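> After the structure tokens below, expect a handful of questions from me.
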Ligand SMILES: Cc1cc2nc3c(=O)[nH]c(=O)nc-3n(C[C@H](O)[C@H](O)[C@H](O)COP(=O)(O)OP(=O)(O)OC[C@H]3O[C@@H](n4cnc5c(N)ncnc54)[C@H](O)[C@@H]3O)c2cc1C
């Protein structure tokens with residue numbers, strides 16, 4: 001890094017870099033070792049400045065869809081949690097990468113705008129939601145998206161892409177390979193009576209009470225994606241995985257597609273249980289489930305082996 005770059009970084013983010021920082025408490029799994037450098041941009045210009053200056057990094061949002069390595073990560077992580085700016089203008093919503101879905105669901109409901117009711121029940125950020133094309137209850141984030149402002153890590157330029165250019169499908173988008181970073185997004189919602197929106201939100205929350213663990217029980221949502229025309233939860237349940245209980249992790253009693261951290265779990269514990277679940281479905285149904293949660297960080301040799309079974 002040249003002197004100009006070093007100066008720029010020091011000027012912009014001197015107060016919000018954490019070094020050798022243990023990330024586990026920032027993840028919903030409460031798992032993860034030390035990160036060499038963790039950046040917390042607070043404005044769009046700080047965010048783009050960091051993206052321009054650093055060569056290697058991973059951008060994360062609420063860390064609610066990831067399994068972070070207990071061995072940590074010997075590199076840069078940029079967390080968008082402080083990028084909280086949003087605006088509602090008539091039926092348009094503008095949101096920065098770090099805005100939390102449940103907050104936006106509530107604020108748009110108060111403004112009489114429908115389309116974000118599904119986001120009430122899970123803690124994703126707008127950047128993570130768009131990357132994963134997050135969805136629930138028959139709605140998903142790409143439904144009402146009109147435009148994204150992205151940072152192209154290859155050209156280091158800021159570009160705009162509309163929904164059709166973002167290659168959305170089930171839990172997939174153009175952002176998934178890491179080339180494009182979401183800076184902010186624009187949505188067009190529909191006007192609806194506030195009480196109808198609120199009652200849908202309440203119904204969604206009620207529905208989730210029994211089928212997903214709360215964040216007090218550390219987890220990262222569904223472990224595996226649904227195979228075409230089937231449900232990973234159903235297959236896992238039929239394969240008997242609800243009885244799988246290791247010393248620090250177990251399959252959740254109420255839903256077979258959730259792994260919970262019973263306390264002090266490591267990334268290897270989770271990967272081990274994931275492989276057991278994967279094998280159970282494979283041997284009974286010859287279906288190879290694909291993980292929905294993403295592994296981030298440096299792997300041990302054992303983790304590399306487990307990862308190869310699940311993610312290859
Ligand atoms: C209790 C619980 C319930 C859940 N229920 C659901 C559900 O019903 N439906 C559902 O779809 N998901 C669900 N999830 C999973 C998760 O909340 C979503 O996948 C969410 O979209 C992840 O957002 P995040 O900000 O946490 O992303 P992270 O976990 O931080 O990151 C996920 C991916 O997004 C990328 N990313 C993050 N920010 C950006 C950015 N600005 N630009 C480019 N890439 C970025 C990361 O690099 C990573 O590849 C649930 C999770 C939990 C814990």
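Read-outs: derived from the displayed coordinates by stated rules, not from any lab. This is a predicted model, so every value here is computed, not measured. Note that each Cβ is placed from the backbone with ideal geometry, even for glycine, and that neighbours are counted across all protein chains shown.
> At 7 Å along the Cα-to-beta-carbon direction for both residue 205 and residue 162, put a label point, then send me their distance in nm to one decimal.
Roughly 3.6 nm, to one decimal.
> How would 179, 208 line up from fewest to most surrounding beta-carbon atoms within 10 angstrom? The partial results should precede the final answer.
Values: 179 13, 208 16.
The fewest-first ordering by Cβ neighbours comes to 179, 208.
> At each listed q (0.14, 0.20 Å⁻¹), what is the log10 of I(q)/I(0) that the Debye formula gives for region 232-311 modelled as equal alpha-carbon point scatterers?
Debye curve over Cα of region 232-311, log10 I(q)/I(0) at q = 0.14, 0.20 Å⁻¹: -0.42, -0.87.
> Once the convex hull of the alpha carbons of the chain is built, what does its volume come to per residue, in cubic angstrom? Show your work: numbers first, answer last.
On the way: hull volume 41.8 nm³, N = 312.
Convex hull volume per residue, Cα atoms: 134 Å³.
> Okay, helix-only estimate at 222 nm for the chain: each DSSP H run of n ≥ 4 adds -39500 (n - 2.57), divide by all residues, round to 500 deg cm²/dmol; what do you get? Write down the numbers at each step before the final one.
Details: 8 runs with 93 residues, N = 312.
Helix-only estimate at 222 nm: -9000 deg cm²/dmol.
> I've got another one for you. In a GNM of the chain with a 10 Å cut-off on Cα contacts, which of 253, 230, 143 has the highest mean-square fluctuation?
Highest fluctuation among the options: 230.
> Moving to a separate point now. Classify region 180-235: rounded, prolate or oblate, from the alpha-carbon gyration tensor (a ≥ b ≥ c, eigenvalue square roots; a/c under 1.5 rounded; otherwise prolate if a/b is larger than b/c)?
On the way: a/c = 1.73, a/b = 1.27, b/c = 1.36.
Since a/c reaches 1.5 but b/c is at least a/b, the shape of region 180-235 is classed as oblate.
> Based on other C-beta atoms within 10 Å, arrange 148, 131 from fewest to most.
Details: 148 25, 131 29.
If I rank by nearby Cβ atoms, fewest first, I get 148, 131.
> Rank 250, 34, 18 by mean-square fluctuation in a GNM of the chain with C-alpha springs under 10 angstrom and give only the top-ranked residue.
Fluctuation is largest for 18.
> Separate question: Give me 244, 39, 311 sorted ascending by neighbouring Cβ count inside 10 Å, so fewest comes first.
Details: 244 17, 39 24, 311 12.
Neighbour counts put them in this order, fewest first: 311, 244, 39.
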